[in-house]
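Written out below as structure tokens is the structure these notes cover.
Just so it is clear, none of the values below were taken in a lab; they were calculated from the coordinates. Quick caveat: nothing in here was measured; it's all calculated off a predicted structure. Methodologically, a virtual Cβ is constructed for each residue, glycine included, from the backbone with ideal geometry; neighbour enumeration extends over all protein chains shown.
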Amino acid sequence: MFLSNAQRWAQICERQAEIIENLSKTFPERRDNHSDIGISWRRLGDQVSRGQSLNTLDLSNK
């Protein structure tokens, strides 16, 4: 199932990644966690852009 607004979702995912990663400025001790979460948001955006449906997403595959 392709999302008709996949590009918008990809933009939202990228923005979420940026927001999470910017938290490292306030909480530098959590930089690794923020980076991991940011990578997951970007991976989700890439998968949505490729037309993968939400129930086929594999976010645990690092």
If I model the stretch 6-56 as equal point scatterers sitting on the Cα atoms and use the Debye formula, what is log10 I(q)/I(0) at q = 0.17, 0.23 Å⁻¹? -0.50, -0.74
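When you count, for each residue, the other Cβ atoms within 10 Å and take the mean per peptide, how do 34-40, 23-29 rank with the highest first?
34-40, 23-29
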